[in-house]
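Novice: Sharing a structure here in structure tokens format.
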Amino acid sequence: MIRLAIQKSGRLNNDSLTLLKDCGINIENGKDQLKTSATNFPVEVFFLRNGDIPQYLRDGVVDLAIVGENLLEEKGSDLEIIEKLGFSKCRVSIAFPKEVEFKSISDLNGKRIATSYPNTVKTFLKENNINAEIHVINGSVEIAPNIGLADAICDIVSSGSTLFKNNLKEVLLIAKSQAVLVKSNELTNDQIEIVNKLLFRLKSVLRAKKSRYILLNAPNEKINAISSILPVLKSPTVLPLAQKGWSSMHSVINSEDFWEVINQLKENGAEDILVCPIEKMVL
């Protein structure tokens, strides 16, 4: 049995539970539960306050955790990331009131910066030789400039809507963040075996999310040219069509390169192109 910690509420909680479900792990998540067990996989899930998770990993209370990179930068730089998960993406940025002009990083000198990430901000200021005053706030950082507590804030930003509502503008990116899987240093051999099984499922799901299954028809004389455009798997599947001189080709493409690949396929004679999502992808 392994113990996995996730954030007890919010976007990261929802995305983490969705990922586990996509991996075929059934979690019964009742309201206000501290922990629950999967019905079909040897994992116990703990629902914990986000900021406490790094210490629980160090103390061996939990074996794995799904957290944001921004939290590790602040409280868990000594912990090992074993997989980047690609969801709950955000950025750590400095924001000023809209009416305040910001020209360069030197404008931070002498300013009061409110933040929930003091270590991250201290490191950033030190690396850039900036002398500023840090006010630590655990909660609604964005109100600090409006009540006169600070001149600027440093906080996580996803869509920017919270900044907009509080008359703030994002002026400086400090770091980018996404959800990651982190492990404790106290795993037994049996637990490592379970972790590897979980990683196998995670990678299959994540790989599928980044890929698309593609089917197309092509003249036989164009098969080699089209095959060179579809490099994701070992080689495309080629099946003859009833129409003489034509074949159907099946392969997988990277979703990020989708439109560029489609254009190349069309230029090389591909027709009747069909693209489908992939649920799981095991290599």
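The values are calculated or read from the model by the stated rules, or taken from the named source; none is laboratory data. Source: prediction; values computed, not measured. Counting neighbours? That spans all protein chains shown, and the Cβs are built from the backbone with ideal geometry, glycine included.
Novice: Is it the case that residue 203 is more than 30 Å from residue 249 (Cα to Cα) and either buried (at least 16 other Cβ atoms within 10 Å of the Cβ) or touching a residue at least 24 places away in the same chain (Cβ under 8 Å) (or both)?
Specialist: no
Novice: In region 123-155, which residues are part of a loop (DSSP other than H, G, I, E, B) and under 13 Å from residue 94 (Cβ atoms)?
Specialist: Passing the criteria: 128, 130, 132, 144, 150, 151.
Novice: Now, a different point. Return the residues of region 259-283 that are out of contact with any Leu (no Cβ under 7 Å at 6 or more places or on another chain), surrounded by 14 or more Cβ atoms within 10 Å (Cβ to Cβ) and not in a loop (DSSP other than H, G, I, E, B); say none if nothing qualifies.
Specialist: Answer for region 259-283, where residues must be out of contact with any Leu (no Cβ under 7 Å at 6 or more places or on another chain), surrounded by 14 or more Cβ atoms within 10 Å (Cβ to Cβ) and not in a loop (DSSP other than H, G, I, E, B): 261, 262, 264, 275.
Novice: Within region 147-169, take every residue that is in contact (Cβ under 8 Å) with a residue 40 or more places away in the chain and more than 21 Å from the chain's Cα centre (by Cα) and give me the one that is farthest from residue 202 (Cα to Cα).
Specialist: Taking the candidates together, the pick is 151.
Novice: Show me the strands (runs of 3 or more DSSP E) found entirely inside region 31-93 where at least 2 residues are touching a residue at least 60 places away in the same chain (Cβ under 8 Å) and among the aromatic types (Phe, Trp, Tyr).
Specialist: In region 31-93, no matching strands (runs of 3 or more DSSP E) lie anywhere.
Novice: Pull out all pairs, ordered by first then second residue, where Cβ-Cβ is under 7 Å, the residues are six or more apart or on different chains, the first lies in region 108-136 and is within 17 Å of residue 176 (Cα to Cα), and the second is among the aliphatic types (A, V, I, L, M) and in a helix (DSSP H, G or I).
Specialist: 115/121; 115/141; 116/141
Novice: Among the residues that make up region 219-240, is at least one of them at pLDDT 95 or above and polar (S, T, N, Q)?
Specialist: Yes, region 219-240 contains a residue that is at pLDDT 95 or above and polar (S, T, N, Q).
Novice: Yes or no: region 230-253 includes at least one residue that is among the polar types (S, T, N, Q), surrounded by fewer than 14 Cβ atoms within 10 Å (Cβ to Cβ) and in the same structural domain as residue 22 (by TED's automatic domain parsing).
Specialist: Checking region 230-253: not a single residue is among the polar types (S, T, N, Q), surrounded by fewer than 14 Cβ atoms within 10 Å (Cβ to Cβ) and in the same structural domain as residue 22 (by TED's automatic domain parsing).
Novice: I'd like the full set of residues that are in contact with a helix residue (DSSP H, G or I) (Cβ under 9 Å, 6 or more places away or on another chain) and farther than 30 Å from residue 157 by Cβ, limited to region 199-231.
Specialist: The answer is 201, 214, 216, 218, 226, 229, 230.
Novice: A further question on this structure: Checking residue 197 against (1) buried (at least 17 other Cβ atoms within 10 Å of the Cβ); (2) among the basic types (Lys, Arg); (3) at pLDDT 95 or above, only one condition comes out false. Which one?
Specialist: Every condition holds for residue 197 apart from (1).
Novice: Counting only residues that are more than 27 Å from the chain's Cα centre (by Cα) and part of a strand (DSSP E or B), how many does region 94-112 have?
Specialist: 2
Novice: Let me spell it out: the conditions are (1) under 28 Å from the mean Cα position of the chain (by Cα); (2) in a helix (DSSP H, G or I); (3) without any contact (Cβ under 8 Å) to a residue 60 or more places away in the chain, and residue 191 meets all of them except one. Which number is the exception?
Specialist: Answer for residue 191: the failing condition is (3).
Listed here are the residues, each with its yes/no results for (1) charged (D, E, K, R); (2) touching a strand residue (DSSP E or B) at 6+ places or on another chain (Cβ under 7 Å).
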residue: 131; (1), (2): no, no
residue: 159; (1), (2): no, no
residue: 180; (1), (2): no, yes
residue: 207; (1), (2): yes, no
